[in-house]
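Structure first, then comments.
The values are calculated or read from the model by the stated rules, or taken from the named source; none is laboratory data. Keep in mind it's a predicted model, so treat the numbers as computed, not measured. Methodologically, a virtual Cβ is constructed for each residue, glycine included, from the backbone with ideal geometry; neighbour enumeration extends over all protein chains shown.
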Amino acid sequence: MARSRKPHNGRRADRGDAAFRAAIEELVDELMAAKRPWPLKKARHAFERAYTIYVIHRVGEDRHNAAGQLDIGFSTLKEKIRDR
């Protein structure tokens, strides 16, 4: 059964955009301050986690909808947001 989308809330999206920008800037600062480069797998996971959380906020906290928007399965979405 298809799930209906919640109406897009502009203010929530603005907060999500700002939070995503802050998370990415923090990640970039951390990467640039590192004494040696992060392994690519770790850097990719950090970005994917931040972006996935951003999309979840963007679609109104509906993780199933977020998984659909990202074209991944729900289990994959849960794995991407898990903090390692």
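Leu31: at pLDDT 90 or above and not polar (S, T, N, Q), yes or no?
On the way: at pLDDT 90 or above: no; not polar (S, T, N, Q): yes.
Judged against the criteria, Leu31 is not a match.
Would segment 68-80 turn up any residue that is touching a residue at least 12 places away in the same chain (Cβ under 8 Å) and β-branched (Val, Ile, Thr)? Looking for residues that are touching a residue at least 12 places away in the same chain (Cβ under 8 Å) and β-branched (Val, Ile, Thr), one finds none in segment 68-80, hence no. Residues in segment 27-59 that are in a helix (DSSP H, G or I) and either in contact with a Cys (Cβ under 9 Å, 6 or more places away or on another chain) or of a type outside the set (A, V, I, L, M) (or both): 14 in all.
In segment 54-66, the residues that are closer than 18 Å to Arg21 by Cα reach residues that are modelled with pLDDT under 90 and of a type in the set (Phe, Trp, Tyr) with C-beta atoms within less than 8 angstrom, at least six apart or across chains, in these pairs: Tyr54/Phe20; His57/Phe20. Looking across segment 68-81 at every residue that is out of contact with any Lys or Arg (no Cβ under 9 Å at 6 or more places or on another chain) and part of a helix (DSSP H, G or I), the one that is farthest from Asp17 (Cα to Cα) is identified as Ser75.
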